[in-house]
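Undergrad: Take a look at the following structure, please.
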Amino acid sequence: MTTRYLGIDVGPSTGLVWGHKGDNDKPAIDGIVQCHASTVEFQVRSLMRLFPKDEWFIQGEKFVAGRGAGGKGKDAEVARFVLNMVEAYFAHTPGCTWHARPAAMMKPWLTTNRLKAVQFPLGPKFKDARDALGHMLFTAVRDGGCKDPLY
């Protein structure tokens with residue numbers, strides 16, 4: 001059994017990044033997806049079927065409603081729907097530990113140097129995938145026993 005990590009950045013465009021404990025006990029990226037919200041459930045179920053016996057630490061962006069961009073309106077409704085769907089799915093999936101954390105907890109930690117350390121292959125247009133990577137790395141280090149990629 002392998003310990004794996006999954007980061008999810010919810011919204012109309014949703015990012016998913018998964019990995020495992022790699023060399024020197026640091027997180028290693030196995031896959032990256034940036035997809036439409038309507039395909040997230042399919043993506044997650046397919047991923048879980050690939051590794052049915054593994055232990056998973058999953059972190060998704062805890063959506064905080066507010067007055068800022070994305071805090072109200074159709075996009076905010078989609079983000080809440082996706083978050084509720086993945087939370088419900090992982091709450092009933094054996095071997096999965098779910099954490100919902102605000103982006104403000106992860107984003108200051110996800111520095112350019114950390115992105116370089118894990119050799120994130122995508123540019124700035126893939127911001128949802130980049131933020132999902134931040135969630136994956138954060139849960140791998142904080143909850144899953146991985147070392148910080150910078151050290």
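Undergrad: With a/c under 1.5 counting as rounded, go ahead and sort the chain into rounded, prolate or oblate using the C-alpha gyration tensor (a ≥ b ≥ c being the square roots of the eigenvalues; past the cut-off, prolate if a/b is larger than b/c, else oblate).
TA: On the way: a/c = 1.71, a/b = 1.21, b/c = 1.41.
The shape class here is oblate.
Undergrad: Looking only at the chain, where both bridge partners belong to it, what percent of the DSSP beta bridges are antiparallel (to the nearest 5)? Could you put the intermediate results ahead of the total?
TA: Values: 15 of 27 bridges.
In the chain, DSSP labels about 55 percent of beta bridges as antiparallel.
Undergrad: Follow-up question, since we're still on this one. Charges at C-beta only: +1 for Lys and Arg, -1 for Asp and Glu. How large is the resulting dipole of region 3-142 about its Cα centre, in Debye rounded to 20? Walk me through the numbers on the way to the answer.
TA: On the way: 19 positive and 13 negative charges, 67 e Å.
That gives a dipole near 320 debye.
Undergrad: Which of the DSSP-defined H helices in the chain satisfy a minimum axial length of 18 Å, computed from C-alpha atoms, and a minimum mean Kyte-Doolittle hydropathy of -0.5?
TA: Numbers: long enough: 74-91 (26 Å, 0.41); 127-142 (22 Å, -0.14).
Span-like helices here: 74-91, 127-142.
Undergrad: Then there's this: Which aspartates and glutamates, if any, have their Cα less than 16 Å from the Cα of K21, not counting same-chain residues under 8 positions apart?
TA: D30, D54, E55, D143, D148
Undergrad: Then there's this: Mind checking the full-extension length gain between K125 and D148? Use 0.36 nm per residue of separation minus the Cα-Cα distance, one decimal, nm.
TA: Details: separation 23, 0.36 × 23 = 8.28 nm, distance 2.51 nm.
The K125-D148 span can extend by a further 5.8 nm.
Undergrad: Shifting gears a bit: Within the set K26/K74; K53/K147; K26/K72; K62/K116, which residue pairs have Cα atoms separated by over 29 Å?
TA: On the way: K26/K74 38 Å; K53/K147 23 Å; K26/K72 37 Å; K62/K116 25 Å.
Violating the 29 Å Cα-Cα cut-off are K26/K74; K26/K72.
Each value in this text was obtained by applying a stated rule to the coordinates, not by laboratory testing. Note that the structure is a prediction, hence the values are computed from the model and not measured. Don't worry about glycine lacking a Cβ; one is built from the backbone with ideal geometry, like all the others, and counts go over all protein chains shown.
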